[in-house]
Amino acid sequence: MAYETKTQAKVSVGIQTLWKALSHDMRFIVPKAFSTHVRDIQLLEGDGGLHSILLFHLSDGASERYQKERIVEFDESSCSIGLEVTEGGKLDAGFSAYTTFFKLTAAAEAETVVDIRVVYQTDTGESLISTQKTTDPTLSFLNCLEAYLRNEV
């Protein structure tokens with residue numbers, strides 16, 4: 001059975017800049033913005049759009065891990081992207097399925113509201129995974145991305 005958690009964040013970056021970073025430039029920007037967790041990202045299949053497969057080389061200090069993700073939603077007109085973990089990472093941490101969806105909406109000239117939806121299944125079938133394991137890491141990622149983009153602009 002699939003479960004879902006939702007949250008929302010306001011990011012002090014314009015929607016076009018944030019969308020470009022989360023979609024077209026993800027491979028290049030995320031390792032710089034989130035360097036304590038992502039060493040690099042390789043495009044394994046596709047052109048970086050829908051159905052593309054990305055390999056995240058993860059690093060948390062002493063250990064090296066990886067996570068493969070497939071882009072399962074990619075809509076330029078609505079600034080929506082969905083990333084499904086297909087191997088490693090979250091699937092090695094008690095989840096049997098894990099997909100994160102981002103929907104961006106302009107709030108002001110230099111502000112974007114990000115609706116985040118995490119759809120997951122666990123190895124144990126447990127429905128109530130704490131936000132510490134689902135939405136908190138995504139919010140932390142967005143904070144790092146925001147800080148990076150604000151310094152670059």
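The values are calculated or read from the model by the stated rules, or taken from the named source; none is laboratory data. Bear in mind that the values here come from a model prediction, so they are computed numbers and not experimental data. Please note: Cβ atoms are built from the backbone with ideal geometry, for glycine as well, and neighbour counts cover all protein chains shown. Just the protein is used for accessible areas: all its heavy atoms, side chains included, with ligands, DNA and RNA removed. Shrake-Rupley method; radii C 1.70, N 1.55, O 1.52, S 1.80 Å.
Pairs meeting the criteria (first residue in segment 135-148 and farther than 12 Å from PHE102 by Cα, second residue open to solvent by less than 50 Å² (accessible area, probe 1.4 Å) and among the hydroxyl-bearing types (Ser, Thr, Tyr), beta carbons under 9 Å, at least 6 apart or on different chains) are ASP136/THR7; GLU146/SER12. Of the residues screened, SER77 is one that is under 17 Å from PHE101 (Cα atoms) and over 14 Å from the mean Cα position of the chain (by Cα).
Against the definition (farther than 19 Å from SER140 by Cβ and modelled with pLDDT of 95 or more), how does GLU45 come out, yes or no?
Numbers: farther than 19 Å from SER140 by Cβ: yes; modelled with pLDDT of 95 or more: yes.
Yes: the conditions hold for GLU45.
Only one entry in GLY88, GLY82 is at positive phi, surrounded by 14 or more Cβ atoms within 10 Å (Cβ to Cβ) and in contact (Cβ under 8 Å) with a residue 12 or more places away in the chain, namely GLY88.
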